[in-house]
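What follows is a single structure, written as structure tokens, with notes after it.
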Amino acid sequence: WEFNFLTQPFSPARLKTALEIFVDRPEVAFAQAKLESANFTSNIWIENNNAFGMKLAKIRPTTATGENRSHATYRHWFDSVIDYMLWQDYWSSLGYDQEEMLGFYSISKNYMKAVNQLI
């Protein structure tokens, strides 16, 4: 890519660019980030640099540095993007598709509806 995301402060536009490069269905991932972070205002986002509300991974590779408020912590917002990519890669390697993975993501029956409304 043309610039190092780790040297860049967060902006929604930078997040969109990073997602377009690194994850499957970046529009879904961006909607999830907006939903999970309360449009980038939640404490989990602010304190943990955690755009996706990820929990600390226990069975797959992760870029998380620890845990706070029962959620993974990251050094930088971009690390949460890479962790989301690792999450996708892990479940995809086990044969799950994007829709099934989103089903793992939240216990709410309306989660996918909320994500789709944000797309």
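Overall, the accessible surface of the chain at a probe of 1.4 angstrom is composed of carbon and sulfur to the extent of 52 percent. Cross-link reach is defined here as a Cα-Cα straight distance under 24 Å, omitting same-chain residues fewer than 8 places apart; for Lys113 the lysines meeting it are Lys16, Lys34, Lys55. Among the protein heavy atoms, those of Glu20 account for about 130 Å² of accessible surface (1.4 Å probe, every chain in place).
Rolling a 1.4 Å probe over the protein heavy atoms leaves His76 with an accessible area of roughly 40 Å². Taken over the stretch 26-66, the alpha-carbon convex hull comes to 74 cubic angstrom per residue. In summary, the convex hull built on the alpha carbon positions of the chain has an orientation-averaged projected area of 7.1 nm².
Think of a 1.4 Å ball rolled over the protein heavy atoms: the chain then has 55 Å² of accessible area per residue.
An ellipsoid equivalent to the stretch 58-119, defined through the eigenvalues of its Cα gyration tensor, has semi-axes of 21, 16, 11 Å when rounded to whole angstrom and sorted largest first. Across the stretch 11-17, rounded Karplus estimates of 3J(HN,Hα) from the backbone phi angles (6.51 cos²θ - 1.76 cosθ + 1.60, θ = phi - 60°) give 8, x, 5, 5, 4, 4, 4 Hz, Gly and Pro being marked x. Once all protein chains are placed together, Thr63 keeps about 40 Å² accessible to a 1.4 angstrom probe. Remark: relative contact order (the chain) = 24 percent; criterion is Cα-Cα distance under 8 angstrom and separation of 6 or more residues. Once the Cα-Cα distance is subtracted from the 0.36 nm per residue extended length, the Lys113 to Glu67 segment shows a gain of 13.7 nm.
The values are calculated or read from the model by the stated rules, or taken from the named source; none is laboratory data. Because the structure is predicted, anything quoted here is derived from the model rather than measured. Areas reflect the complete protein model, heavy atoms only, side chains present, ligands, DNA and RNA absent. Shrake-Rupley method; radii C 1.70, N 1.55, O 1.52, S 1.80 Å.
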